[in-house]
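Please treat every number below as a calculation from the coordinates, not as lab data. The shown structure was predicted, so the numbers you read here are calculated from the model rather than taken from an experiment. Don't worry about glycine lacking a Cβ; one is built from the backbone with ideal geometry, like all the others, and counts go over all protein chains shown.
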């Protein structure tokens, strides 16, 4: 029996990657949930907004790298992030003016807006590929690891290594800061309060003199910030490829819906729930069990609940169960 | 009035066609490759290879008494069978191609063969579809490939690993015809040779996160991780996650992973890894590189095979004295194999002349073409190893 090795193996292959992936999903789901709560439609263009924002960040990062600006051990992309957010914000406001505003004024049904966002998605999709290309782009620099598996083994003398990437650390820290800021903004500031009021009851909010255009504007700006941050963190941790961002849309929506659409707290919980269920349910427990159990009980097989082929199915099963028993999501969101 | 217009325009079109026929003869050959999608980083060099062969033949002026060969490109997407089928349909019905150099990935190749090539009776020569399933597919003698079946690659892969003394590996494959076919072929060959595959786990391409797959692979363990995937897709994602978590330090890469992109992505991190992809040390490869003369990377995977695929179609046309697929399909095996004068890249003009004079040729080409069984390459592989962040040739098998 060797509990320490078991814990390290578990942390290395399940907890650390799951936690970082969860934070990335949570940031994405926050953006989706905000649009749903305040503008009242499911924004299919969110995955591509992330790709679009990240593209700006990458281009600026390359610019910085070529003139020799760097953030030392941290990725240069963090310095480029604010500029990327501003550009994405401007683009989203432009999209709102050109596309969404018209439909909002005519008070169309939410499902029409969903289809409109689908159109916006295809255009952003194409623009991103047109500007930066469909392939993989690498823009991560700085230290790769806070602690690498090899160093950890040498340091502790354990058989199992624990690797924590710089990007994983940054992802989690940034996510915490962003979420704290968002909640402070929504709960303490005047604009935040008016946004929540607008979300709760549009007519009442209008009667009490809240300017809807301002609320919409702030929402898009926050969404731009969230999407760009989530996209950049994801790109730093894995790699940037427009197609993958489009695919990210599914787990992000699953997270937002499981948590309760329109509820920011739910989006965060949903993100982690989906990420961990993907990693743990299909995890082969053989290694951990071999360390943790006495020899007579150690499994011969892989001790895998189901093959990794079913990874995606897991999040959808959770989604269905939650919707069956709590249609508004785990945290009370708006019913779909 | 409407009818008159219609009739006039129909007349105009017909005379146009007749006029075109009267001028120099033109042979159109389709090039269907995944210019977008999972292997988009290697397909440009494949198409260039095929076009080099066509340009060479046109320049010689020997094909069917001075026919001009025009390539028509179409996108197979590598993964989307319906898009690929539509592209092939367009090539045949609206562009009127007389043969298809392609497709690339096994899944779309099977789809085009079954839905379009068979129905229209058009010859397909694929430079890179390697699924063992295609050996037994119904083809009316229309389908050939200058790439070997993966059943052969599975055996070669086993030999490469066994020679390095590696007896236990974890295996992950991309969840499609190519990945599954190769993984099964490898697993049966490896186990027959006394090796152990600790786990065989599929991965989906283009997914957001591969930590679940890598977690399972790491738990199963093994001396090496065999990644039967695509370098532009999930394959790189799995390798990245495996390296980052310290699950595996060394890998073995089959053909879908071997590309300049792999070295660009991982550099020295994959030192000590090995791999193999179709390739040969026959003088043909060097002659092909010399022929291309730096216009593009001639050693890129499947680029020589593409040159050969296009060349075979045109040589068979000459042997049959006709550009109709129904006439020349039976000639492909004849021009590809012995007996006859050996033909290397850059000698297509000479080959056409020999055929015209009624002599036999044995097309060797850039990839030492030798067609066996149902018209597929016998298979020569280049074993590569990674050292100091570079891809090096270990030997040829």
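In table form, for the structure just shown:
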read-out	value
Antiparallel DSSP beta bridges within the protein assembly as shown, percent to nearest 5	35
Overall form of region A:3-247 per C-alpha gyration tensor (a/c, 1.5; a/b vs b/c)	prolate
Gyration tensor (alpha-carbon) shape descriptor, the protein assembly as shown, a/c threshold 1.5	oblate
Estimated [θ] at 222 nm from DSSP helical runs (n ≥ 4, -39500 (n - 2.57)) normalised by residues in chain B, nearest 500	-12500 deg cm²/dmol
Ranking of B:59, B:204 by count of other Cβ atoms within 10 Å, fewest first	B:59, B:204
Gained length - residue A:204 relative to residue A:153, 0.36 nm times residue gap less alpha-carbon distance	12.3 nm
Part-to-part distance (alpha-carbon centres) for region A:73-138 and region B:115-183, which is given in Å	41
Additional length obtainable on full extension of the chain from residue A:173 to residue A:109, 0.36 nm per residue less Cα span	19.2 nm
Region B:153-282: C-alpha gyration tensor shape, a/c 1.5 cut-off, then a/b vs b/c	rounded
Antiparallel %, DSSP beta bridges [both residues in chain B], to 5	25
Using a Förster distance of 41 Å, the FRET efficiency for residue B:264-residue A:297 (Cβ separation, nearest 0.05)	0.30
For region A:253-302 and region B:357-397, distance of Cα centres in Å	46
Whole-Å distance, taken between Cα centres, linking region B:318-333 and region B:25-51	22
Residues A:76, A:232, A:280 arranged by fewest to most Cβ contacts within 10 Å	A:280, A:76, A:232
Taking A:296, B:330, A:42, B:259 and counting other C-beta atoms within 10 Å, the order from fewest to most	A:296, B:330, A:42, B:259
